[in-house]
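One structure is given below, encoded as structure tokens.
Computed from the coordinates by the stated procedures, all read-outs in this text should not be read as laboratory data. All figures in this text were calculated on a predicted structure; none of them were measured in a lab. We place every Cβ from the backbone using ideal geometry, glycine too, and count neighbours over all the protein chains shown.
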Amino acid sequence: MEELKRSVAREALKFIEDDMIVGLGTGSTTAYFIEYLGKLIMEEELEDVYGVPTSYQARLLALENGVPVVGLDEVDAIDIAVDGADEVDPYLNLIKGRGAALTMEKIIEYRAGTFLVLVDESKLVERLGQKVPVPIEVIPAAWRAIAEEIEVFNATAELRMASKKDGPVVTDNGNFILDARFHRIDDPLDLEIELNNIPGVVENGIFADIADIVLVGTREGVKRLER
Ligand SMILES: O=C[C@H](O)[C@H](O)[C@H](O)COP(=O)(O)O
């Protein structure tokens, strides 16, 4: 599995050119990409490339590997964003947010000229929600109310608990995460919009209609899916 992640990360480097502003995703697959990107920059094979991190994890990795970072508010545009995903459906709709970084990821990826997604083949599903819940970032005071309110969508929600801290996971933005399991997601775009209409919801992990290209690491090589 790690080799599949490495192979898509290596393939993603082909999309990066001099003078690009690159959105840096979060997670184990993108971590390889940031590492390899740093190597090319350090070896001066790429010049004037800057990364816009989607999380503290991406920022730390970029700094560690020699990728210069800038904030979203310091750039005019993002040429390309590169990130992993937890599920990809046949229309390239995604579920993201296992790493609780979904809000900044969506802010940056929505605005990128190209949004390139890196996954291994285990992430491909027929329908979103088949394997993983939909993460929802919420304002802490509203978590219980929202957990009850999303029952109208035929879903159950659980507050995500931390493993190396007592109590709930707290996101980079100081919020909580609800993991919501839906009976069946028929229209991802509609659900994405509906969830964000609930007061107290900051963002949710459905990324409908924004991925441009998905690179899939398979045992037979890297496959490219495009909308
Ligand atoms: O918040 C985390 C992100 O959405 C990740 O990009 C996603 O969970 C994929 O991570 P990984 O590449 O580790 O499977």
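Below are the figures for this structure:
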item: Test: residue in the range 183-190 that is within 14 Å of the ligand (Cβ to nearest atom) and either at negative phi or basic (Lys, Arg) (or both); result: no
item: Strands (runs of 3 or more DSSP E) wholly inside the range 78-187 containing at least 2 residues that are surrounded by fewer than 21 Cβ atoms within 10 Å (Cβ to Cβ); result: 78-83, 112-120, 155-159, 176-182
item: Count of the range 1-27 residues which are part of a loop (DSSP other than H, G, I, E, B) and surrounded by 15 or more Cβ atoms within 10 Å (Cβ to Cβ); result: 5
item: Residue list for the range 188-227, restricted to those being part of a strand (DSSP E or B) and surrounded by fewer than 20 Cβ atoms within 10 Å (Cβ to Cβ); result: VAL202, ILE213, THR218, GLY221, VAL222, LYS223, ARG224, LEU225, GLU226
item: For ILE78: the one exception among (1) among the aliphatic types (A, V, I, L, M); (2) within 15 Å of the ligand (Cβ to nearest atom); (3) more than 16 Å from ARG181 (Cα to Cα); result: (2)
item: Breaking point among (1) more than 12 Å from the ligand (Cβ to nearest atom); (2) out of contact with any Phe, Trp or Tyr (no Cβ under 6 Å at 6 or more places or on another chain), for THR29; result: (1)
item: Qualifying residue in the range 91-109 (condition: out of contact with any Ser or Thr (no Cβ under 9 Å at 6 or more places or on another chain) and over 19 Å from ALA211 (Cα atoms)); result: no
